[in-house]
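The structure appears right after this line, and notes come after that.
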Amino acid sequence: MVVVPLAASGNESENSPAASHPSDSMFWLRVAAAGSLALGGVLLMGGKRRAGLIAAAAGTALVVLDQQDSVRTLWTQLPSYLEEVHGILQRVQGAVDELSVQGERLRTIWSR
């Protein structure tokens, strides 16, 4: 099960009265997002794969609408994440190549 934080966006002022009570439209957007994600999970667990994926995708889209600042931050940091993953994969590939060479050496030694 996926847990999605539905925190208030950073656009609201801390001192304003609306900061403690989100607007009705934002509240209902969060309720719809949470409901869609929950329904998607229930449908997926119930074996209704296509309907579950559609409901989960709709919930995800609603979360993205609500959390635009978070998505924007993630989007700007994505290249650095991809570079880091690329570096890790290169190190893993080097280790696998080295293991392959060592395995081949052992096979030639044992075949003698």
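State whether one or more residues within the stretch 66-78 are loosely packed, with under 10 Cβ neighbours inside 10 Å and either outside the structural domain of residue 29 (by TED's automatic domain parsing) or more than 30 Å from residue 27 (Cβ to Cβ) (or both).
Filtering the stretch 66-78 for residues loosely packed, with under 10 Cβ neighbours inside 10 Å gives 75-76.
Okay, now just the ones that are also either outside the structural domain of residue 29 (by TED's automatic domain parsing) or more than 30 Å from residue 27 (Cβ to Cβ) (or both), so 75-76.
Yes, the stretch 66-78 contains a residue that is loosely packed, with under 10 Cβ neighbours inside 10 Å and either outside the structural domain of residue 29 (by TED's automatic domain parsing) or more than 30 Å from residue 27 (Cβ to Cβ) (or both).
Working only within the stretch 20-74, note down all residues that are in a loop (DSSP other than H, G, I, E, B) and without any contact (Cβ under 8 Å) to a residue 40 or more places away in the chain. Walk me through it before giving the result.
Step one: of the stretch 20-74, the residues in a loop (DSSP other than H, G, I, E, B) are 21-23, 46-48, 67.
Across the stretch 20-74, the qualifying residues are 21, 22, 23, 46, 47, 48.
State yes or no: is residue 103 farther than 30 Å from residue 25 by Cα, at pLDDT below 95 and not in a helix (DSSP H, G or I)?
no
Exactly one condition in (1) within 23 Å of the chain's Cα centre (by Cα); (2) modelled with pLDDT under 95; (3) assigned to a helix (DSSP H, G or I) is not met by residue 7; state its number.
All conditions are met except number (3).
The values are calculated or read from the model by the stated rules, or taken from the named source; none is laboratory data. Because the structure is predicted, anything quoted here is derived from the model rather than measured. Counting neighbours? That spans all protein chains shown, and the Cβs are built from the backbone with ideal geometry, glycine included.
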